[in-house]
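Report on the structure given below.
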Amino acid sequence: MALTAETASELKASGGSKLGQPTLLVVDDEEGPRNSVRVLFRSEYRVLLSPGGEEAVALALGSPVDVAVVDIRMPGMSGIEVLRRLKEIDPDTQVIILTAYETLETARQALRLGAHDYLSKPFTVAEMRAAVASAVERRLGARQLRQSTERLRALHRELEVLQAHQEWAKQQGDIYGSVLHDLNGPLTIIAGYIALLDTQLGSRSYLEGQGMKQFREVIRTLNGQVANCIDVVQRYLGFLREGRSEPRVLKVNQALADVNNLLQVHPDARDKELVVRPWSVDFEAPMNGVDLIQVLLNLVINALQAGPAPLRVELAAAFEQGPLEPGRRSEGRGRRFVSGAGFAGEGPFVTFTVRDSGAGIPAEAMQKLFHVRFTTKPAPKGSGIGLSIVRRLVLQAGGALEVETELGRGTTFRVLLPCAGLGVVEE
């Protein structure tokens, strides 16, 4: 179907300069409202104009539409039918319904069919600007969610490559099992955020104010978790293929903030108190950033599983000048200290502490604590891999692990990472 003179003129005037801008489709049989919206948004959007539903559908088939402003009463195809057809072409297209005869049932019908908003004629400039801005924001959020889904599919393809080489990977020790265990944390969090999105949106298609802000934050966190999953896969693939992984630095307080953010919707954090204390100073942690996140997530999730609610878990970082006192490196009842041959204990150290108020660890379990596949938790909650991964990554970074526990009083894990030469000064 041919373009209207207005739309052809608009596209010619844009000269292609608006191709990177959102596309706004205005569908109204009255020339006045069409031109009003065009003038209002022509400098910010690629504006397409249509006097009727059939032409609007043709325009949407020929060019992606981000937001459509549609009059509800038009000759031929009604605004409700245009809404339905636009959603069939692209479910993410956000539609704002215009009506001069507002009724509650009309509004309900439009929202049921996926309209983002509806405005009464005559509308004010502020009302129209707010509605279009909100619709564009939601369109971008939906696009980000789709991109996250595509990245997850790419992640699954990476895992299929690992599974195809499962026997070879098993020959490399516990690497294959480590990949799956490391992925379980981020994927659990992704599932939690998707459930949160589903709960927030429900059958609603309209979000504004605080709801839209929460939607953006959830999408941002979801994308971060997808990236974290991909980082974990690439780290292990790099190790398998090249025998090494590229270090990725991370600020200490960023690591603490990330762990706190990631665990807000974790199932084991429900009805429990998680306290994360930022450090008074900040600098790059002396450990691969992805490895550090995995270590802290494993330790904090273990702590959250140390008992039923009410349960308190604290995560904090500190600076120790060193050297360690001899008693710190001893082992005995309720104490473990694990380090590699290269750990001198002279300091200085960055120390990450994870403390819980749970039931404590029985004496018979303390000596097996870091053994691969040893767990005191029932299946499927416990795999026996988490603490063995913590041990391997910490020792690989030249650090040490300290554990103190008392039955009925809780457990404390400390990760000590040498930071000599980093110039850290405790405030």
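Bear in mind that the values in this text are calculations on the coordinates, not laboratory data. Please read all numbers here as calculations on a predicted model, not as lab measurements. Here Cβ is always computed from backbone atoms with ideal geometry, including for glycine, and neighbour counts include all displayed protein chains.
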Is region 282-367 best put as rounded, prolate or oblate by its Cα gyration tensor, with a ≥ b ≥ c the root eigenvalues, rounded for a/c under 1.5, and otherwise prolate when a/b is larger than b/c, oblate when not? oblate
Provide ASP66, ASP92 in ascending order of the number of other Cβ atoms located within 10 Å of each residue's Cβ, fewest first. ASP92, ASP66
Provide the net charge surrounding MET74, with neighbours chosen by a C-beta distance below 15 Å and charges set as Lys +1, Arg +1, Asp -1, Glu -1. -3
Using the count of nearby Cβ atoms within 10 Å as a rough guide to exposure, how do LYS272, LYS251, LYS87, LYS368 rank from fewest to most? LYS368, LYS251, LYS87, LYS272
For HIS116, HIS371, order by how many other beta-carbon atoms lie within 10 Å, fewest first: HIS371, HIS116
